[in-house]
Amino acid sequence: MRFSEFLPSPLGFGTAPLGNMYRAIPADEAAATLDAAWEQGVRYYDTAPFYGAGLAEQRLGELLSTKPRDSFVLSTKVGRVIYDGVESPNARDLGEKGGLFEHGRPNKMVTTYTSDATERSIEDSLKRLGVDRLDIVTVHDIAQDFHGDAWLQQFEVARTGAFRVLDRLRDEGVIKAWGTGTNRTEPVELTIALDEPRPDVFLLAGRYTLLDHEHALERLLPMAAAQGLEMIVGGPYNSGVLAGGCHFEYQTASAEIVDRVRRITETADRHGISVKAAALQFSLAHPVAVATIPGASRPSRIAEDHAAVRADIPAAFWADLRASGLISPDAPTPRGV
């Protein structure tokens, strides 16, 4: 089954911020944000055990466990198992994501892609979320940004472990779809190239955005289009820098990125639109993209995202971005400019 066949709306909600990413978010603020998302009509939610060592799943579960299960679409990830033991969040080796969830739960977190760990991860996620089934499961972070030079070894563990478990669960009808969830294109390309098992979808975070899309356009997206795979765009604001924040790829944005955002902002201002609108609509313009899942930790951000995805953006704006070299000549735009 294609993800787009049961996707309620292309605008979903990414819950990474609710795992206390960057800051400790009060429980009532997290709850209010999720309530605002539901009231605004959000019916697709993405989460992961990694987000605050289970905190984001717990917070999301407090909302979704009160709603009819058939009224929303839910995806989570495998690759980390959360234990009851305690460790310092700052002591975890998270590759390029070190310190990202230092305000999350202190539960011991182990990265593992084996068959047994995958089944345990799913069972634990169901308990934290308070639901009886998942729609989509993605294999999280089997990429160089997390594992360094060992990423190919980890990919092989996932290929013979997590991939096969998820493929079986999909074929048995336990889940509707599975794929990879990474911040790099290479693991997705490897997965697509496999004879078996066969994924249905992939979640690509931060690699198909206004700021970073040329690499994905070269190989990955043509491969995905040829095989009928669909893309969920994670991180459409590149960790916040396209939404007024200071982070790009989970770190403080470089002077080069800040300057590029400034140029995009100046162009958007001339055309009377928001950068948020440009970012969300650009991420959805490629034919392979079927959903985008911006995150939020404040209720007001939800209404902004919904207004952004509905905003009328003139064709001249996209033409100006292309002429200025701010988007690739090969990138599809909402008006085909």
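The values are calculated or read from the model by the stated rules, or taken from the named source; none is laboratory data. Only a predicted model underlies this, so the values are computations on that prediction, with no experimental measurement involved. A quick note on method: Cβ atoms are made from the backbone with ideal geometry, for glycine too, and the neighbour counts reach across all protein chains shown. Note: accessible area is taken over every heavy atom of the protein model, side chains too, but ligands, DNA and RNA are not part of it. Shrake-Rupley method; radii C 1.70, N 1.55, O 1.52, S 1.80 Å.
Summing charges over all other residues whose Cβ lies under 11 Å from the Cβ of Pro17, with Lys and Arg as +1 and Asp and Glu as -1, gives +3.
Of all lysines in the structure, those lying under 26 Å Cα to Cα from Lys276, and not within fewer than 8 positions of it along the same chain, are Lys97.
In this structure the chain gives 39 Å² per residue of accessible area when probed at 1.4 Å with all protein chains present.
Are there DSSP H segments in the chain that both extend 27 Å or more along their axis (alpha-carbon positions) and score a mean Kyte-Doolittle hydropathy of at least -1.0? List them, or say none.
Numbers: long enough: none.
Taking the DSSP H segments of the chain (at least 27 Å long, mean hydropathy at least -1.0), we get none.
Averaging sequence separations of C-alpha pairs under 8 Å and six or more residues apart, then dividing by the length of the chain, give the relative contact order as a whole percent. All intermediate terms of the calculation are to be shown ahead of the outcome.
On the way: 667 pairs, mean separation 62.5, N = 337.
Over the chain, the number comes to 19 percent.
The charge dipole of the chain, taken about the Cα centre with unit charges on the Cβ atoms of Lys, Arg (+1) and Asp, Glu (-1), comes to about 480 debye, rounded to the nearest 20. For region 254-337, trypsin sites (Lys or Arg not before Pro) are listed when DSSP marks them as loop and at most 15 other Cβ atoms sit within 10 Å of their Cβ; the list is Arg335. Straight-line cross-link partners of Lys67 among the lysines, defined as a Cα under 25 Å from its Cα and at least 8 positions apart when in the same chain: Lys77, Lys127, Lys176. Per residue, the convex hull spanned by the alpha carbons of region 268-330 comes to 98 Å³.
Using a probe radius of 1.4 angstrom, the carbon and sulfur fraction of the accessible surface of region 1-122 is 48%. Relative contact order, whole percent, for region 123-225 stands at 25, derived from Cα pairs under 8 Å and 6 or more residues apart. When the alpha carbon gyration tensor of the chain is reduced to an equivalent ellipsoid, its three semi-axes come out at 29, 23, 20 angstrom, largest first.
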